[in-house]
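A short write-up of the structure that comes next.
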Amino acid sequence: MVTSSAPGTLFLFGEHAVVYGEPAVACAIKRRTTVTVERRSDSQISIDAPQLMFDGVRIRFDEGPPSVDVPAERIEEAARYVKIALDKARAVADEPEAGFDVQIESELPMSSGLGSSAAVTVATLDAAVRACGTSIDRSTLAEQAYQVEYEAQDGGASRTQTFGSTMGGAIRVTGDEHEPIGTPELPFVIGYDGGGGDTGELVAMVRNRKDIYPFVQQTVDAIGSLTRQGDEVIRAGAMGELGQLMNINHGLLAALGVSTQALDTMAWAARDAGADGAKLTGAGGGGCVVALDETSATETALEMTPASELVFRAELAPTGVQRE
Ligand code: MEV
């Protein structure tokens, strides 16, 4: 039996635009997904995930259809990443018939912009390869985990969250290049609306908008420009400007059509409470906003905002995937 864990990640800048070659900046956070894998004597797969989404999901492929009280598409989505990750692990370990018992524990709400699918993918791949008696280096793991997301999201994926979850810290990703940009101390406050969107569908929706309205490309370009600026600001340690760039980034994501009323409401609640800045993180369509505030004012304001179901602080995680 082997266990690996991987951190969640948030997008400080650049989601969606990164899919079209612009840079993104992501930060790993100290909320992890832990995956334990045991080889089976047959080639079946059993996945047990009692804590996914915080409210209990149990998926057992060897016991007929799952019976749970969460939307079926969420379960299918979680299962899709894990199943593709196990297939990749079989290929990496050259064990095409390997069967696995998989146990997943997660501190990350699913499909919420905090990289739950990247974390589960990275930890599952690492643990499953090791359960086959071999191992995988970090760069290969990051690349294979990206391939899993690419497949699960019908091509609508960047390397940002899989690389961030594998490497830890703050990371800039452009295409297939990634560069650590340190471990800046940023006072993240997260507000979660209890929902979330389908990443593949949201990426397809933005692509469609770009195809119909060629000027939408300018919004994508603007996100790229502000991400480059944000990267420089972090490297220069001049954090005061970050909030303003986050606000602009949120507005541009709203222009792409991926924000929601709940996400806008949470972002404004944070800004009105004095946060330096606030934006949605990830694909959008629901999920989380991230704000920067050293004081407790944003947490208090978000707790009082009906749109937010859960509020917590998040610290940067300097370490990525870990063998437990
Ligand atoms: C999804 O969390 C963020 C997107 O930019 C897709 C990706 O980068 O994989 C929409």
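The values are calculated or read from the model by the stated rules, or taken from the named source; none is laboratory data. It should be emphasised that the depicted structure is a prediction, and the values quoted were computed from it without experimental measurement. Neighbour counts are summed over all protein chains in view; Cβ atoms, including those assigned to glycine, are modelled from backbone coordinates with ideal geometry.
Going residue by residue through segment 258-275, is there one that turns out to be in contact with a Pro (Cβ under 8 Å, 6 or more places away or on another chain), among the small types (Gly, Ala, Ser) and within 29 Å of Asn208 (Cα to Cα)? Lay out the reasoning, then the answer.
So in segment 258-275, the residues in contact with a Pro (Cβ under 8 Å, 6 or more places away or on another chain) come out as none.
Checking segment 258-275: not a single residue is in contact with a Pro (Cβ under 8 Å, 6 or more places away or on another chain), among the small types (Gly, Ala, Ser) and within 29 Å of Asn208 (Cα to Cα).
Pull up segment 82-99, narrow it to residues that are in a helix (DSSP H, G or I), without any contact (Cβ under 8 Å) to a residue 40 or more places away in the chain and among the charged types (D, E, K, R), then point me to the one that is surrounded by the most Cβ atoms within 10 Å (Cβ to Cβ).
Step by step, filter segment 82-99, then rank; the result is Lys83.
Here are some residues: Thr140, Thr166, Thr174, Thr162. Which one is farther than 19 Å from Arg32 by Cβ and buried (at least 18 other Cβ atoms within 10 Å of the Cβ)?
Exactly one of Thr140, Thr166, Thr174, Thr162 is farther than 19 Å from Arg32 by Cβ and buried (at least 18 other Cβ atoms within 10 Å of the Cβ), namely Thr174.
Output yes when any residue across segment 205-215 is within 23 Å of Lys279 (Cα to Cα) and either at pLDDT below 95 or surrounded by 23 or more Cβ atoms within 10 Å (Cβ to Cβ) (or both), and no when none is.
Looking for residues that are within 23 Å of Lys279 (Cα to Cα) and either at pLDDT below 95 or surrounded by 23 or more Cβ atoms within 10 Å (Cβ to Cβ) (or both), one finds at least one in segment 205-215, hence yes.
Which members of segment 195-248 meet the condition of being part of a helix (DSSP H, G or I) and within 12 Å of the ligand (Cβ to nearest atom)?
Selection gives Thr199, Gly200, Glu201, Leu202, Val203, Ala204, Met205, Val206, Arg207, Val220, Ile223, Thr227.
Within segment 31-84, how many residues are modelled with pLDDT under 60, touching a Pro at 6+ places or on another chain (Cβ under 8 Å), at negative phi and aliphatic (A, V, I, L, M)?
Residues flagged as modelled with pLDDT under 60, touching a Pro at 6+ places or on another chain (Cβ under 8 Å), at negative phi and aliphatic (A, V, I, L, M) within segment 31-84 amount to 2.
What about Gly133, is it more than 12 Å from the ligand (Cβ to nearest atom), in contact (Cβ under 8 Å) with a residue 24 or more places away in the chain and part of a loop (DSSP other than H, G, I, E, B)?
Against the criterion (more than 12 Å from the ligand (Cβ to nearest atom), in contact (Cβ under 8 Å) with a residue 24 or more places away in the chain and part of a loop (DSSP other than H, G, I, E, B)), Gly133 qualifies.
Output the number of residues of segment 296-324 satisfying the condition of being β-branched (Val, Ile, Thr) and without any contact (Cβ under 8 Å) to a residue 40 or more places away in the chain.
Here the count works out to 1.
Taking segment 250-300, which residues are under 18 Å from the mean Cα position of the chain (by Cα) and closer than 16 Å to Ala314 by Cβ?
Ala278, Lys279, Leu280, Thr281, Gly282, Gly287, Cys288, Val289, Val290, Ala291, listed by residue number.
Which members of segment 106-130 meet the condition of being modelled with pLDDT of 95 or more and more than 16 Å from the ligand (Cβ to nearest atom)?
Ala123, Thr124, Leu125, Asp126, Ala127, Ala128, Val129, Arg130
Six or more apart or on different chains, Cβ under 8 Å: which pairs go from a residue in segment 196-210 that's over 19 Å from Cys288 (Cβ atoms) to one that's near the ligand (Cβ under 10 Å from one of its atoms) and at pLDDT below 95? Could you list them?
Close Cβ pairs satisfying both conditions: Ala204/Gly156; Arg207/Gly156.
Given the conditions (1) more than 15 Å from the ligand (Cβ to nearest atom); (2) surrounded by fewer than 18 Cβ atoms within 10 Å (Cβ to Cβ); (3) in contact (Cβ under 8 Å) with a residue 40 or more places away in the chain, which single one is not true for Asp293?
Asp293 satisfies every listed condition except (2).
Which ones in segment 249-265 are surrounded by fewer than 21 Cβ atoms within 10 Å (Cβ to Cβ) and not in a helix (DSSP H, G or I)?
The answer is Gly257, Thr260.
Can you find, within segment 14-27, the residue that is surrounded by the most Cβ atoms within 10 Å (Cβ to Cβ) among those that are within 11 Å of the ligand (Cβ to nearest atom) and not aliphatic (A, V, I, L, M)?
If we filter segment 14-27 for residues that are within 11 Å of the ligand (Cβ to nearest atom), which is where we start, we get 14-20, 22, 24, 26.
Retained after the next criterion (residues that are not aliphatic (A, V, I, L, M)): 14-16, 20, 22.
Numbers: Gly14: 28, Glu15: 33, His16: 29, Tyr20: 16, Glu22: 24.
Filtering segment 14-27 for residues that are within 11 Å of the ligand (Cβ to nearest atom) and not aliphatic (A, V, I, L, M), the one surrounded by the most Cβ atoms within 10 Å (Cβ to Cβ) comes out as Glu15.
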